[in-house]
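Asker: Got a structure for you, questions after.
The values are calculated or read from the model by the stated rules, or taken from the named source; none is laboratory data. The structure displayed is predicted, hence computed values, not measured ones. Here the Cβ positions follow ideal geometry from the backbone for every residue, glycine too, while neighbour counts run over all protein chains shown.
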Amino acid sequence: MKLTGKLSDWVSAKDVILEMLRRYDVKGCVGKVVEYYGPGVATLSVEDRAAIGNMGTELGATSSLFPSDEQTRLYLAAQGREEAWQPLSADDGASYDAYDEIDLATVEPGGILPLMRGGAKIHQSGCLGCIGMGQAPGTGQVSLRTFPRNFPGRSGTKGDQVYLCSPKTAVAAALTGVITDPRELGRQMTYPQIEEPQKRIIDRSSVVYPKEELHLAEVVRGPNIKPFPEFDALPENLRFTVAIKVGDNIATDGIMPVGNKVLPLRSNIEAISEFVFYQLDADFHARCRELGDVAVVGGDNYGQGSSREHAALAPRYLGVRVKLAKSFARIHQANLCNFGVLPLIFKDPADYERLAAGAVLEIDTLRQRIERGDREIPLRLNGDEIITLLDISQRQRDGLLAGGTLNQVRQELGQ
């Protein structure tokens, strides 16, 4: 992605990534790395680049890259780490699978300045309202958020109407009471130019470094902190029932909701598992316990959004051994492997239509197929066959066989 020009006053880096989302939506960059280059990059601070790169996940991108340049050097120098800097950029003549260009001067506000007199509140750093921990919008009300994500219900309000925007757009709307182009504020005030500090305050006093004696410390658990569940290894043959079928672009928020009712249970897998697919099917957890080994069937870009490991861990606790989809979001696919859930992709996407909740499937000689590196994994459905693909690394295969990465590490350590 070639960047030219320079952002106008009242337009921020958040507007750049919102423009990317306007162009590519939530799965337009699945399986791709987005590399930003061009003269416009030099006008963006490291924080600007971080804002853009942080939301590359929303595009479905594997990663986002910026060159290491003078802006990078200044940033590290301000932290007293200039010796760690080195210039890095693409090789001359590098070729790419796709090209696009954004003139930063043409980017418009999508859709905080510390204007305390306008009623702004300074909150501590954290996920906060982005995942429904406070600041939930009113029922039936429109809410502008500067967070990265606005999946339905994520804010903690059912039927929420959350729209993403830049901090400057949010401020303009807060001051005027309606959605407002922040450039309109230029008629009332001078745009506040902010200079990067030459030296930043670095405080590492709260960092607790590993010590040998800490290995002997007793772990004291409160009533809502439970030991990590034990998962068995992958069996040679697997018979399972489809417990739920969902559509395209199912986010991890849809699989494992968040909010102040759910998040306190993060260290209690038994309790938090009752909320798996809660917004789509409140009885999912109970049905899983009745069925035993189960599968989830999904469409394209299954597991997009937050890299929420509980969206893989909690279903595994309920007996989800297989997830079948047209395609997976990369991070969720990795998390499934981490917890021993088989991420299978339909070789023929049309086979998605052949499955419904209640369908019973079987996989024979599953361990043998994974051990010898088979990419195609056949499933039996009422005497017919469905071919699926297992596109994962050898280490992920080893983890699946062991029943998850923790089991795999224990085996490697001889425990």
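Asker: I need the full set of residues from the range 369-381 which are part of a strand (DSSP E or B) and either over 20 Å from Val320 (Cα atoms) or within 30 Å of the chain's Cα centre (by Cα) (or both), in order please.
Answerer: Of everything in the range 369-381, those that are part of a strand (DSSP E or B) and either over 20 Å from Val320 (Cα atoms) or within 30 Å of the chain's Cα centre (by Cα) (or both) turn out to be Glu376, Ile377, Pro378, Leu379.
Asker: Continuing with this model, one more query. Name the residue, out of Ala98, Ala42, that is under 25 Å from Glu195 (Cα atoms) and of a type outside the set (D, E, K, R).
Answerer: Only one candidate passes the filter, namely Ala42.
Asker: In the range 387-397, what count of residues is obtained for those that are buried (at least 18 other Cβ atoms within 10 Å of the Cβ) and of a type in the set (Asp, Glu)?
Answerer: 0
Asker: Tell me whether the range 169-176 contains one or more residues that are closer than 17 Å to Pro137 by Cβ, surrounded by 10 or more Cβ atoms within 10 Å (Cβ to Cβ), in contact with a strand residue (DSSP E or B) (Cβ under 6 Å, 6 or more places away or on another chain) and of a type outside the set (A, V, I, L, M, F, W, C).
Answerer: The answer is no, given that none of the residues of the range 169-176 is closer than 17 Å to Pro137 by Cβ, surrounded by 10 or more Cβ atoms within 10 Å (Cβ to Cβ), in contact with a strand residue (DSSP E or B) (Cβ under 6 Å, 6 or more places away or on another chain) and of a type outside the set (A, V, I, L, M, F, W, C).
Residues are listed down the side, and each one gets a yes or a no for (1) surrounded by 19 or more Cβ atoms within 10 Å (Cβ to Cβ); (2) over 23 Å from Pro257 (Cα atoms):
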| site | (1), (2) |
| --- | --- |
| Glu309 | no, no |
| Pro315 | yes, no |
| Cys337 | yes, no |
| Pro349 | no, yes |
| Leu361 | yes, yes |
| Gly373 | no, yes |
| Gly383 | no, yes |
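Asker: Based on what the data block shows, is Gly299 at pLDDT 95 or above and within 25 Å of Gly159 (Cα to Cα)?
Answerer: yes
Asker: Of the conditions (1) of a type outside the set (Lys, Arg); (2) under 30 Å from Glu362 (Cβ atoms); (3) in a helix (DSSP H, G or I); (4) touching a Leu at 6+ places or on another chain (Cβ under 7 Å), Ala271 clears all except one; give me its number.
Answerer: Here Ala271 clears every test but (2).
Asker: Take the residues in the range 313-368 that are among the hydroxyl-bearing types (Ser, Thr, Tyr) and either under 15 Å from Ala243 (Cα atoms) or in a strand (DSSP E or B) (or both); name whichever of them is nearest to the chain's Cα centre (by Cα).
Answerer: The residue in question is Tyr317.
Asker: Here is a check on your reading of the model: is Phe228 among the aromatic types (Phe, Trp, Tyr), farther than 30 Å from Glu47 by Cβ and in a loop (DSSP other than H, G, I, E, B)?
Answerer: Yes: the conditions hold for Phe228.
Asker: Let me ask something else. Are any residues in the range 198-217 over 17 Å from Arg81 (Cα atoms) and part of a loop (DSSP other than H, G, I, E, B), and if so, which ones?
Answerer: Listed by number, the residues that qualify are Ser205, Ser206, Val207, Val208, Tyr209, Pro210, Lys211, Ala217.
Asker: Turning to a different aspect of this structure: Could you pull out the residue among Ile225, Ile179 that is over 30 Å from Asp15 (Cβ atoms), hydrophobic (A, V, I, L, M, F, W, C) and in contact with a Ser or Thr (Cβ under 8 Å, 6 or more places away or on another chain)?
Answerer: After ruling out the rest, the residue left standing is Ile225.
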